[in-house]
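Every number in this text was worked out from the coordinates using simple rules, so none of it is lab data. Note that this is a predicted model, so its numbers are computed, not measured. Neighbour counts are summed over all protein chains in view; Cβ atoms, including those assigned to glycine, are modelled from backbone coordinates with ideal geometry.
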């Protein structure tokens with residue numbers, strides 16, 4: 001590294017030390033939110049906050065998101081938590097959480113196992129359950145077209161005798177003929193069955209690439225587009241007066257596409273604009289891993305990368321608002337960071353996220369920590 005480059009990096013580290021929000025802890029039980037209070041200004045009037053993760057094995061990120069969710073719920077009035085999971089499944093999960101079922105078992109009725117298995121998010125689901133007994137519950141929903149394997153049977157179990165024939169015909173149709181399924185949905189739309197219609201639309205969307213392989217090859221971003229459409233629908237139609245926290249991967253949360261691939265975040269930003277505030281998450285080192293799998297170590301980020309600069313500050317957790325940076329700021333120039341499955345990528349990151357959260361040491365999503 002040249003002397004000039006070293007001086008530049010030191011100046012950047014000094015700026016990060018002075019200007020980034022130093023986060024005290026990632027413990028959900030820590031309700032002294034003085035470290036998060038600057039978010040009131042940076043998030044402002046946005047009513048949809050997107051929380052990402054570099055990968056699904058990021059235990060420290062999950063813990064940070066837990067505490068952020070509590071802050072957003074208790075101090076900023078957010079009342080919906082939308083998961084990268086199925087709409088029907090997550091809406092039904094609310095019923096399970098209201099029962100005497102164990103909180104994690106209830107969560108598994110709606111949220112995919114990468115988040116609901118193991119013990120790491122148990123405190124979050126217990127917190128969600130506790131809010132249901134207050135006058136400000138944190139309600140669960142989902143926006144993914146992917147769903148649990150039992151979803152179709154569970155939908156059938158919830159409908160009355162008058163709807164059952166339509167649903168059975170629909171489930172048969174999506175196996176062989178998307179046009180036949182559309183005709184059945186039109187019948188249901190005439191009956192104004194909004195919850196059932198959306199649940200079935202997502203089942204049909206999940207099957208569409210299989211029924212039309214040529215379209216699936218031509219549109220590899222099909223799932224992302226559908227998730228974006230669903231998020232916009234949740235914000236405008238299903239929960240128009242609510243403030244929504246979104247749990248998803250950085251890849252889906254990011255916007256400002258550089259290729260023809262349209263992410264969920266791209267579509268949502270086009271439709272909802274500044275109503276959205278997105279936070280990408282990354283880490284310097286440690287281990288990642290999902291429940292039931294051996295953890296793996298993160299490779300050291302390259303010198304001069306965003307993570308290496310943040311690591312040099314010596315702070316364990318930091319949050320940086322990108323949206324308020326001057327146009328000529330050094331963070332608005334291309335640099336290497338690892339927001340997407342810890343792969344080194346060069347981009348202008350404030351064009352991808354409105355803010356970022358940094359954990360110096362990652363630990364696996366494998367159990368309680």
Original post:
So how many Å³ per residue does the convex hull of the Cα atoms of region 149-211 work out to?
Top reply: 72 Å³
**OP:** Treating the angle as unsigned and between 0 and 90°, give the value, to the nearest 10°, between the Cα long axis of helix 59-76 and the longest Cα principal axis of the chain.
**Re:** 80 degrees
Subject >> Percentage relative contact order, region 149-211, counting C-alpha pairs under 8 Å, at least six apart >> reply: 32 percent
Original post:
Counting DSSP beta bridges with both partners in the chain, what percentage is antiparallel, nearest 5?
Top reply: 35 percent
Subject >> Stokes-Einstein diffusion coefficient of region 1-134, Kirkwood radius over Cα pairs, 37 °C, 0.692 mPa s, in µm²/s >> reply: 194 µm²/s
Original post:
Listed highest first by mean packing, meaning other Cβ atoms within 10 Å per residue, what order do 12-20, 328-336, 89-97 come in?
Top reply: 89-97, 12-20, 328-336
**OP:** Output the relative contact order of the chain, whole-number percent, from Cα pairs under 8 angstrom with separation of 6+ residues.
**Re:** 26 percent
Original post:
Between the helical axis of 87-97 and the dominant principal axis of the chain, each derived from Cα atoms, what acute angle in degrees is found, rounded to the nearest 10?
Top reply: 90 degrees
**OP:** Distance between Cα centroids, region 224-275 to region 140-176: provide it in whole Å.
**Re:** 24 Å
**OP:** Determine by what factor the alpha-carbon radius of gyration of the chain differs from 2.2 N^0.38 Å, reporting the quotient.
**Re:** 1.02
**OP:** Arrange the following residues from fewest to most other Cβ atoms within 10 Å of their Cβ: 297, 85.
**Re:** 297, 85
Subject >> Residue order, fewest to most surrounding Cβ atoms within 10 angstrom, among 233, 83 >> reply: 233, 83
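Write down Rg/Rh for region 327-369, rounded to two decimals, with Rg from the C-alpha atoms and Rh from the Kirkwood relation over Cα pairs.
Details: Rg = 13.3 Å, Rh = 12.3 Å.
Across region 327-369, the Cα-based Rg/Rh ratio is 1.08.
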Subject >> Percent of Cα pairs exceeding the 15 Å cut-off, where the set is region 249-305 >> reply: 63 percent
Original post:
Which ordering of 61, 259 is given by a fewest-first count of other beta-carbon atoms within 10 Å?
Top reply: 259, 61
Subject >> Rounded to 10°, Cα long-axis angle of helix 222-233 versus longest principal axis of the chain >> reply: 80 degrees
